[in-house]
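As structure tokens, the structure follows; a few thoughts come after it.
The values are calculated or read from the model by the stated rules, or taken from the named source; none is laboratory data. As the structure is a prediction and not an experimental result, all values here were calculated from the model. So basically every Cβ, Gly included, is an ideal-geometry build from the backbone, and we count neighbours across all protein chains shown. SASA here: full protein model, heavy atoms, side chains in, ligands and nucleic acids out. Shrake-Rupley method; radii C 1.70, N 1.55, O 1.52, S 1.80 Å.
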Amino acid sequence: SPDQIVDHLPGACSGCGSDLADAEPAGMNARQVRDVPLVKVTVTEHRMHQRACACGQVTGAPAPAGVDGPVVYGPNLRAIAVYLVVFQHVPVERAALLIADLTGATVSTGWVSAQVGRTADALADVEKLIKTLVTAATVIGVDETTINVNGSKQWLHVARTELLTAYHLHVRRGRVAVAEFGILPVFTGTVMRDALAVYDSYPATHALCGAHLLRELTAISETHPDLIWPTQAREALLTLNAACRTARDQDLTELPDLLAVKPLKLFRHAVLVGLACHPRAEGRKQSKARNLLERLRDREPEILRFTQDLAVPFTNNGSERDLRPVKTQLKISGCHRASTGAANWLRVRGYISTVGKHQDDVLTALRDALTGNPWTPPVPVT
């Protein structure tokens, strides 16, 4: 459906040269050009009039929300700045240049950075709500990675569901950071995680990530190509995962024994064979194969949690996906210059990640936050 139609009529016959002004129509070919209008800043002047009362008091009209200075940029431009820096990972200086080139608004790098902080301030309550909803969920994923802040290593922790993402930045990786995050100490559902020991002490039902196990089994297969047990254990886990997907597709609440018995037997047999092939060495330090085998043996309930509860995923890939934008930011824009700026960026990024799991209009959600009406995730009915 075109917004504008431009008709082009032939002037003369291409055969005999006769004038075609009064000729009968004989069809039409249509071609469309899709383009965007050139963007430029429009200026709206708000005039707050004053009126003098008979009592002698002069009263002026208040300025609208957001018009807090003689000359300010509006929420659309502010949202674009935040969108470029946080969602598209454009460096601050280049974001300012891009805005100037496309709109004519000569914003400074300080102004661009300030919009991220301004948005983060507006999202403080939304972040608390997201964390509360994550804590109340039945299944969550947690993970952590490093982040560069002004040349020093800090740890970024994530807790997430399929519809929510919460981040927490801390100088530590372990218990102090997890406790300050405030989710795992009170979470009572099932947590999908890697084998980091700090998670073990929290009161949740634990599930270990299958993707990590597959990578370790593959590495041992490559190191010991003559051994069969790593491949057998890997294939058994993949078969169980496929069986769980089939059960979920059929709207089943648990994995049928018919699909589980054989791969479970193969998995357990592979572990027993592996333990026999890699006996314990003297002392505490063991080979990578032995450490993995003891984990497969001793933590089988957590490893196979996805077969016992179909709501539990096989891997913690969702948490890794939620951490990926942070690594993308570091590759493109470099490190954050201060912990405060990094925390602001992460709060906005958590909001964007959560919005993106519900809808596609991230730019509008940022504008809503900057105008005091941020999008909030729906609270599930219990």
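Using the structure shown, decide if ILE332 is open to solvent by 70 Å² or more (accessible area, probe 1.4 Å) and touching a residue at least 24 places away in the same chain (Cβ under 8 Å). So ILE332 fits the description; yes.
Conditions (1) within 25 Å of LEU310 (Cα to Cα); (2) in a helix (DSSP H, G or I); (3) not basic (Lys, Arg), marked per residue:
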| position | (1), (2), (3) |
| --- | --- |
| TYR199 | yes, yes, yes |
| HIS206 | yes, no, yes |
| ALA233 | yes, yes, yes |
| ALA236 | yes, yes, yes |
| THR246 | yes, yes, yes |
| LEU252 | yes, no, yes |
| GLY274 | no, yes, yes |
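Residues that are in a loop (DSSP other than H, G, I, E, B) and either of a type in the set (Phe, Trp, Tyr) or open to solvent by 80 Å² or more (accessible area, probe 1.4 Å) (or both) within region 50-60 comprise ALA54, CYS55, GLN57, listed in sequence order.
Each residue in region 158-176 was checked for being open to solvent by less than 30 Å² (accessible area, probe 1.4 Å) and more than 21 Å from the chain's Cα centre (by Cα), and 1 pass.
Just to verify a result, which residue in region 311-327, among those that are open to solvent by less than 60 Å² (accessible area, probe 1.4 Å) and assigned to a loop (DSSP other than H, G, I, E, B), is nearest to ALA242 (Cα to Cα)? Full working, then the answer.
Taking region 311-327 and keeping what is open to solvent by less than 60 Å² (accessible area, probe 1.4 Å), we get 312-320, 322-323, 325-326.
Next, only the ones that are assigned to a loop (DSSP other than H, G, I, E, B) stay: 312-316.
Working: VAL312: 14, PRO313: 11, PHE314: 10, THR315: 13, ASN316: 16 Å.
Top of the filtered list is PHE314.
None of LEU133, LEU184, LEU156 is part of a loop (DSSP other than H, G, I, E, B), within 27 Å of PRO380 (Cβ to Cβ) and aliphatic (A, V, I, L, M) except LEU184. Reported count of residues in region 243-268, each being open to solvent by 40 Å² or more (accessible area, probe 1.4 Å) and either closer than 20 Å to ALA195 by Cα or without any contact (Cβ under 8 Å) to a residue 40 or more places away in the chain (or both), is 14.
Of the residues THR354, THR307, THR364, which is surrounded by fewer than 19 Cβ atoms within 10 Å (Cβ to Cβ), among the polar types (S, T, N, Q) and assigned to a helix (DSSP H, G or I)? Give the derivation first.
Details: THR354 fails: surrounded by fewer than 19 Cβ atoms within 10 Å (Cβ to Cβ); THR307 fails: surrounded by fewer than 19 Cβ atoms within 10 Å (Cβ to Cβ).
Going through THR354, THR307, THR364 in turn, just one is surrounded by fewer than 19 Cβ atoms within 10 Å (Cβ to Cβ), among the polar types (S, T, N, Q) and assigned to a helix (DSSP H, G or I): THR364.
Restricting attention to region 224-242, report how many residues are without any contact (Cβ under 8 Å) to a residue 24 or more places away in the chain and not aliphatic (A, V, I, L, M).
Step one: filter region 224-242 for residues without any contact (Cβ under 8 Å) to a residue 24 or more places away in the chain, giving 225-226, 231, 234, 242.
Among the residues that remain, those that are also not aliphatic (A, V, I, L, M) are: 225-226, 231, 234.
Qualifying residue count for the region: 4.
Filtered by the rule that a residue be touching a residue at least 60 places away in the same chain (Cβ under 8 Å), part of a helix (DSSP H, G or I) and touching a Leu at 6+ places or on another chain (Cβ under 7 Å), region 290-304 gives GLU302, ILE303.
Evaluation of LEU275 against the conditions (1) touching a residue at least 60 places away in the same chain (Cβ under 8 Å); (2) open to solvent by 20 Å² or more (accessible area, probe 1.4 Å); (3) in contact with a Leu (Cβ under 7 Å, 6 or more places away or on another chain) shows that the sole unmet condition is (1).
The rows are residues; the columns are (1) over 19 Å from ARG367 (Cβ atoms); (2) hydroxyl-bearing (Ser, Thr, Tyr); (3) open to solvent by 70 Å² or more (accessible area, probe 1.4 Å).
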site: VAL6; (1), (2), (3): yes, no, yes
site: GLY11; (1), (2), (3): yes, no, no
site: GLU24; (1), (2), (3): yes, no, yes
site: MET48; (1), (2), (3): yes, no, yes
site: PRO62; (1), (2), (3): yes, no, yes
site: VAL71; (1), (2), (3): yes, no, yes
site: GLY74; (1), (2), (3): no, no, no
site: GLY104; (1), (2), (3): yes, no, no
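Taken over region 90-108, the residue count meeting the criterion of being assigned to a loop (DSSP other than H, G, I, E, B) and small (Gly, Ala, Ser) is 3.
Quick check, is TYR83 in contact (Cβ under 8 Å) with a residue 40 or more places away in the chain, among the hydroxyl-bearing types (Ser, Thr, Tyr) and surrounded by 10 or more Cβ atoms within 10 Å (Cβ to Cβ)?
In short, yes.
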